[in-house]
Amino acid sequence: MGMDSLRLRCLAVFAAAAAVLAGTGTAFAAMGQPSPWQTGLQVPATEVAEYMHWFHDGLLWIITVIVLFVLALIVYVAVRFNEKRNPVPSRTTHNALLEVAWTVLPVLILVVIAVPSFRLLRVQLVTPPSDITIKATGHQWYWSFEYAQDQAGGFSFDSNLNPDGQPRLLAVDNEVVLPVGKTIRVQVTAADVIHAFAMPSFGLKIDAIPGRLNETWFKADKEGVFHGQCSLICGQNHAYMPIVIRIVNDQQYAAWLAEAKQKFASNSRAPVAVAARGDAAKAE
């Protein structure tokens with residue numbers, strides 16, 4: 001009777017644990033923000049981020065197979081060629097077949113890894129024709145954003161940490177709002193020291209360097225609120241530079257745009273340098 005009771009208790013514990021895991025499964029990989037006890041990457045919201053996740057997972061399998069193969073070789077050599085089993089050491093100097101194999105096979109593995117890697121780099125670095133261009137400028141310690149004159153009417157605003165907002169340390173007072181399914185060109189720079197503009201769910205990270213205009217892009221295929229941060233240590237309040245991008249449908253974006261033009265009219269700065277590189281390429 002005691003054993004049966006113990007078994008029932010164990011089953012109850014396992015069932016409760018399974019229920020907890022099932023109920024909090026989304027916490028392990030949320031979309032748009034990190035989650036407690038998260039063990040994987042954030043849910044991708046762009047095609048580039050999905051490609052990055054696919055490449056990451058595939059590379060993990062390749063690395064695992066290599067590690068297990070090397071471990072098996074080490075165990076085999078330790079057991080098969082130990083001193084007890086081989087009191088007289090082998091005088092083998094080389095084996096041509098093995099030398100060719102351990103040279104050619106790693107090269108083939110690197111080629112297999114390199115092909116999708118180069119393709120991913122090209123997708124990330126070659127900016128397609130954009131629908132909207134915004135400029136992000138890093139400051140100690142907040143971000144400012146400018147919308148291009150010819151695409152959104154030309155206005156700018158500062159985005160500071162909202163200490164009372166949720167999620168904690170990731171909420172801001174002024175969010176960047178953009179439409180779903182549109183190609184967004186992001187021009188990034190800094191006003192003081194080097195920062196880094198990062199948005200994990202978009203697979204996006206680029207340095208913000210004073211005096212230099214870097215460029216990246218994304219095309220969100222999901223609506224929602226996406227959180228990022230400055231990912232380069234930039235000083236005392238580095239941890240308080242969140243980035244929030246809200247992706248909405250076209251109607252909601254048009255309504256926000258009309259409101260933002262009035263709200264931030266007094267904050268207008270010099271128009272964003274719109275797609276200089278892309279326009280030059282088109283002209284050619």
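Is it fair to say Trp54 is under 30 Å from Pro44 (Cβ atoms) and exposed (fewer than 10 other Cβ atoms within 10 Å of the Cβ)?
no
Can you go through Val172, Val248 and tell me which one is touching a Phe, Trp or Tyr at 6+ places or on another chain (Cβ under 9 Å) and closer than 20 Å to Ser130 by Cα?
Val248
Could you tell me whether any residue of the stretch 188-199 is over 20 Å from Ala49 (Cβ atoms), within 17 Å of the chain's Cα centre (by Cα) and not polar (S, T, N, Q)?
Within the stretch 188-199, one or more residues are over 20 Å from Ala49 (Cβ atoms), within 17 Å of the chain's Cα centre (by Cα) and not polar (S, T, N, Q).
Can you tell me which residue is nearest to the chain's Cα centre (by Cα) among those in the stretch 18-53 that are modelled with pLDDT of 80 or more and aromatic (Phe, Trp, Tyr)?
To start, the set of residues in the stretch 18-53 that are modelled with pLDDT of 80 or more comprises 32-53.
Those still in the list that are aromatic (Phe, Trp, Tyr) too: 37, 51.
On the way: Trp37: 18, Tyr51: 11 Å.
Within the stretch 18-53, the match that is nearest to the chain's Cα centre (by Cα) is Tyr51.
Taking the conditions exactly as written (in contact with a helix residue (DSSP H, G or I) (Cβ under 6 Å, 6 or more places away or on another chain), farther than 17 Å from Glu215 by Cα, at pLDDT below 95 and not hydrophobic (A, V, I, L, M, F, W, C)), does Pro167 satisfy them or not?
For Pro167, the condition - in contact with a helix residue (DSSP H, G or I) (Cβ under 6 Å, 6 or more places away or on another chain), farther than 17 Å from Glu215 by Cα, at pLDDT below 95 and not hydrophobic (A, V, I, L, M, F, W, C) - is not met.
The values are calculated or read from the model by the stated rules, or taken from the named source; none is laboratory data. Just so it is clear, the structure is predicted and the values come from calculations on it, not from any experiment. Note that each Cβ is placed from the backbone with ideal geometry, even for glycine, and that neighbours are counted across all protein chains shown.
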